[in-house]
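All remarks here apply to the structure that follows.
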There are 2 protein chains.
Amino acid sequence: MAVGETVFPQMPVIKGLRLGTASAGIKKPGRRDLVVIDVPEGASVAGTFTRNAFCAAPVQVAKRHLAMRCEQGLAPRYFVINTGNANAGTGAAGMRDATASCDELARLAGVEGEAVLPFSTGVIGEPMPMERLLGALPQALEALREDGWEAAAEGILTTDTRPKGATRTLTIDGETVNIAGISKGSGMIQPNMATMLGFVATDAAISQQRLEAMLREGVSRSFNCITVDSDTSTNDACMLVATGQGATLESDEALEAFRTALDEVLVELAQAIIRDGEGATKFVTLHVEEAASRQEALDVAFTVAHSPLVKTALYASDANWGRILAAVGRAPVADFDVDRVVIDLGDVRLVEQGGRADGYTEAAGSAVMAGEEIPIRIRLGRGDAEATVWTSDLSHDYVSINADYRS
Amino acid sequence: MAVGETVFPQMPVIKGLRLGTASAGIKKPGRRDLVVIDVPEGASVAGTFTRNAFCAAPVQVAKRHLAMRCEQGLAPRYFVINTGNANAGTGAAGMRDATASCDELARLAGVEGEAVLPFSTGVIGEPMPMERLLGALPQALEALREDGWEAAAEGILTTDTRPKGATRTLTIDGETVNIAGISKGSGMIQPNMATMLGFVATDAAISQQRLEAMLREGVSRSFNCITVDSDTSTNDACMLVATGQGATLESDEALEAFRTALDEVLVELAQAIIRDGEGATKFVTLHVEEAASRQEALDVAFTVAHSPLVKTALYASDANWGRILAAVGRAPVADFDVDRVVIDLGDVRLVEQGGRADGYTEAAGSAVMAGEEIPIRIRLGRGDAEATVWTSDLSHDYVSINADYRS
């Protein structure tokens, strides 16, 4: 199941960056499950990673290698990504395996081991089939090409039903700037500092510090504002590469124009994860306004987004405003005056003054709920902060996918 | 669906307390949906109520009437409980209706309006069919009897599949003390200061302050330690009555013996709600030990208990320890050293030192998961605080029940 149709966009070349895929047979034979990304010398790289305390071995190694390279004033040179096995909960053996992947790719490519960052997604707690993974690395390196985005987007999927890509091309100070990105998600999605996996690149030249700040800010309003099932993965990571082989962005205006386009790419990739969320039949935009703080707006939005009763009502296309109201009412908000709360479903006023809005009819609510895209707007009457969170519904398919597979 | 078999116990008479039921036809004709409980003069009464900011009209009226009576040194004289309609999200009309129920029962029984506490459970946001409710009050009063517990337990159910009762009889200082209680639950269950509805009574004489303290403490380790779906109802309430027509409990030893038995009754009623949780096929006991504080232990336990991925794995009888580990890892615990975490599934060691335990086999894990009662023990290695939380799994039936009905 997935909501709406997503066409994988025509991706621009990001000069200097190449992507290669291979079939290592990590979980099942024949499918693309290994991706190598070649980052050119002189690039800047920023990354955000899961906050799950049980973060997987590759996340620990990627963070360490990124930090080591930054201390040397260098960027990583390669990302190696596998799907089918998360290398999480694998203890000391998992750390050895993650490091060995980096070392072998480094040997083949003629770089230092810490110039390689590893990423894994898939089943937790199984030993990585290292022989197959290492054996497929040469094939992935040979496949490296500047137009390898769509193949790479397919090569990082797990239970996702379709590849996810987003791109923007803009002109800044007379020069063309390209941004391209891919992501994967599906289940165990409430990222905390990153999505499951996201790789975004631009040909612009931007300093590492600026890139880091822009990624952190952008992720806080995109990948960190989505939830399928409130579960945070052990393997989440989002990387942003600026190859530096295109325009140099230094003025505030240029950086601001770039940031706006980057945010759009990040939001589009994050939304694509929700549209393709496990068992999703609805794409729900929860917009909370008039909160005392952004955190309060996020708290209310996520409380509603996580409510199984709201999510099953969405699945049933049931405008069950009582469940939305009950979820808002249990959000962690101090001194909550519920009489000021106003809830709209699309253009239809559902709730005001602590109860059902005057003039509300089931027919009007049901008409909005019948669609695949459901906008819910909640005004708290407490201030002027706001937040937007995107989520999906809770369907029979979600239960089937997660009860029937070891994922 | 429900886990195991629950036989409604033989309930003792709680001297002075009578229960009467009637069919008011509030949601569907013919079923018991109205319960009146007659509390004798001279009793003590304590109550805990939902912390949902959108608390229903009857909760607001019950809290106000209880406070008014306490200020006068009196206890309430009647509880009036209906199922089928929660009278929540009903604004000013809902407040008028809740008060009118009290006034009419007060008129029929010859007491003050504030001597009556109203309780409602059922669908949110629909106007209460007052004519039918008020019309059935005389029938419920006529039906009042000391052995009316089982009929009352049936009369407060919503989507529950069976009535829930618990009782203890003990001898304190040579005198017999009886405790009896009933509860209802099913969905929208993560109580915060109370279950959906619970009514517990004893014939002992205990002061209102002591009763209040014992109920608060007992609820914090029973009804507030269960979760079906993390949703907190607008209507939760738990009432504890001491009719004072039996033994007088004053010594520390006597009160302690009573408290122990009361806690057992509360835990049994809370567990019965989980066993009969919407779509439940598993009864899961999450015991978190070696936490730095009780709150930390509760945070970890509830994070695991709310994880849809853990709950669907439980439904599938899949010993997917990676999902448990990922849920523990995202709990709000500062400076979490995951290498110290030990997780046991029944007698089987699942996780130690950050990964799968040595010697663990799928066969051993699957054998425990095949049962209906699943004990999970999580040791954090951070201190000596602990907490126990009970939950159910997430099944197709949960989705069906909540997607197919307007509840």
Sort out which residues of segment A:23-46 are surrounded by 21 or more Cβ atoms within 10 Å (Cβ to Cβ) and of a type in the set (D, E, K, R), and write them in order of number.
-> A:ASP33
The listed residue being within 10 Å of chain A (Cβ to nearest Cβ) and in contact with a Leu (Cβ under 8 Å, 6 or more places away or on another chain), out of B:ARG330, B:ARG323, B:ARG340 = B:ARG323
A:ASP335 more than 7 Å from chain B (Cβ to nearest Cβ) and either among the basic types (Lys, Arg) or more than 31 Å from the chain's Cα centre (by Cα) (or both) | yes
Can you find a residue in segment A:135-156 that is under 27 Å from B:ARG356 (Cα atoms) and in contact with a helix residue (DSSP H, G or I) (Cβ under 8 Å, 6 or more places away or on another chain)?
-> no
All but one of (1) at pLDDT 90 or above; (2) closer than 30 Å to A:ALA247 by Cα; (3) surrounded by fewer than 18 Cβ atoms within 10 Å (Cβ to Cβ) hold for A:GLY20; which doesn't?
-> (3)
Which of the residues belonging to segment A:229-264 are outside any loop (DSSP other than H, G, I, E, B) and within 11 Å of the chain's Cα centre (by Cα)?
-> A:ALA237, A:CYS238, A:MET239
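Find the residue count for segment B:351-407, including only residues that are assigned to a strand (DSSP E or B), hydrophobic (A, V, I, L, M, F, W, C) and within 14 Å of another protein chain (Cβ to nearest Cβ).
The total comes to 2.
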Positions within segment B:59-82 being within 14 Å of chain A (Cβ to nearest Cβ) and crowded, with 19+ Cβ neighbours inside 10 Å, in sequence order = B:VAL59
Search result, residues across segment A:83-136 that are assigned to a loop (DSSP other than H, G, I, E, B) and either within 14 Å of chain B (Cβ to nearest Cβ) or buried (at least 20 other Cβ atoms within 10 Å of the Cβ) (or both) = A:ALA86, A:ASN87, A:ALA88, A:GLY89, A:ILE124, A:GLY125, A:GLU126, A:PRO127, A:MET128
Segment B:361-379 residues that are farther than 16 Å from A:GLY125 by Cα, paired with ones that are among the aromatic types (Phe, Trp, Tyr) (beta carbon under 9 Å, 6 or more apart) | B:GLU372/B:PHE283; B:GLU373/B:PHE283; B:ILE374/B:PHE283
Within segment B:289-310, residues farther than 18 Å from A:THR234 by Cβ, assigned to a helix (DSSP H, G or I) and of a type outside the set (Phe, Trp, Tyr) come out as B:ARG294, B:GLN295, B:GLU296, B:ALA297, B:LEU298, B:ASP299, B:ALA301, B:ALA305
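The values are calculated or read from the model by the stated rules, or taken from the named source; none is laboratory data. As the structure is a computational prediction, the values presented were derived from the model and not from experiment. Don't worry about glycine lacking a Cβ; one is built from the backbone with ideal geometry, like all the others, and counts go over all protein chains shown.
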